[in-house]
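> The structure under discussion is supplied below as structure tokens; questions concerning it will follow.
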Amino acid sequence: MLDCRSLNLLGALVVSIHDKMTEVVEGELGMGGQAPAALVTITHNPGESVAFLSGALRLSHPGCVRLVDKLVRAGLVERGEAQDKRFVSLTLSAAGRRCSQELLRARRRTLEVFMQPLRRQQQIQLTELLEIMLRETATTKQAGDAACRLCEEQHCPQPECPITQGFTRNSASAAAI
């Protein structure tokens, strides 16, 4: 049986980190909701469709279209033609790219506040534990896209991402059955 106090502490930490990150990235962008995550997701997935973005952000398709419209009006996102003419591709404007980088820097500074109390060895140990937890709970690519919607992918490239490793392994295991 899992220790209820540990679970409670983990829950409180997750809520604290989420609240602080949300406050910081929304303040940096000047827009709330999923707008910061949309910019970062498009940064890592240029040319993807609204349908892809909708899945990664866990927004309804109409809600995602409204979000994209808002980002286009703000001059941060551009629509283009996709290979399949039924869809549009999404890319960031130059202003959107700058804004996305600022969001990621603000996110990193926020996370550093939570890591700084730990000694270097504890930080390494926490990283190892987080990798295990993420690898073992990863289920699908879409869940991975959602979990990583505010990640700095250059620091966790796809082959090294525990979420990617987890859903790849879980998919391979399911296919073998």
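The values are calculated or read from the model by the stated rules, or taken from the named source; none is laboratory data. Please read these numbers as outputs of a predicted model, since none were measured by experiment. All Cβ positions, even for glycine, are placed from backbone atoms using ideal geometry, and neighbour counts span all protein chains on display.
> Among the residues of the range 31-49 satisfying the criterion of being surrounded by fewer than 19 Cβ atoms within 10 Å (Cβ to Cβ) and in contact with a helix residue (DSSP H, G or I) (Cβ under 8 Å, 6 or more places away or on another chain), which is nearest to VAL88 (Cα to Cα)?
By that ranking, first place goes to ASN45.
> For the range 122-131, does any single residue satisfy the condition of being of a type in the set (Val, Ile, Thr) and in contact with a helix residue (DSSP H, G or I) (Cβ under 8 Å, 6 or more places away or on another chain)?
Of all residues in the range 122-131, those of a type in the set (Val, Ile, Thr) come to 124, 127.
Checking which are in contact with a helix residue (DSSP H, G or I) (Cβ under 8 Å, 6 or more places away or on another chain) leaves us with none.
Looking for residues that are of a type in the set (Val, Ile, Thr) and in contact with a helix residue (DSSP H, G or I) (Cβ under 8 Å, 6 or more places away or on another chain), one finds none in the range 122-131, hence no.
> Only one residue in ARG149, ARG135, ARG108 is outside any helix (DSSP H, G or I), closer than 27 Å to PHE52 by Cα and not β-branched (Val, Ile, Thr). Which one?
Working: ARG135 fails: outside any helix (DSSP H, G or I); ARG108 fails: outside any helix (DSSP H, G or I).
So the residue among ARG149, ARG135, ARG108 that is outside any helix (DSSP H, G or I), closer than 27 Å to PHE52 by Cα and not β-branched (Val, Ile, Thr) is ARG149.
> Across the range 68-105, which residue is nearest to LEU13 (Cα to Cα) among those that are in a helix (DSSP H, G or I) and among the charged types (D, E, K, R)? Steps first, please.
Taking the range 68-105 and keeping what is in a helix (DSSP H, G or I), we get 68-73, 94-105.
From the residues that got through so far, the ones that are among the charged types (D, E, K, R) too are 69-70, 73, 97-98, 102, 105.
On the way: ASP69: 34, LYS70: 32, ARG73: 36, ARG97: 30, ARG98: 30, GLU102: 24, ARG105: 21 Å.
Filtering first and then ranking leaves ARG105.
> Select, from ARG109, ARG149, the only residue that is modelled with pLDDT of 85 or more, under 24 Å from GLU26 (Cβ atoms) and assigned by TED's automatic domain parsing to the domain that holds LEU57. If you could, list the steps in order and put the result at the bottom.
Numbers: ARG149 fails: assigned by TED's automatic domain parsing to the domain that holds LEU57.
Among ARG109, ARG149, only ARG109 is modelled with pLDDT of 85 or more, under 24 Å from GLU26 (Cβ atoms) and assigned by TED's automatic domain parsing to the domain that holds LEU57.
> Given the residues GLU102, GLU128, GLU112, which is the only one that is surrounded by fewer than 16 Cβ atoms within 10 Å (Cβ to Cβ) and touching a residue at least 60 places away in the same chain (Cβ under 8 Å)?
Details: GLU128 fails: touching a residue at least 60 places away in the same chain (Cβ under 8 Å); GLU112 fails: touching a residue at least 60 places away in the same chain (Cβ under 8 Å).
Answer to the check: GLU102.
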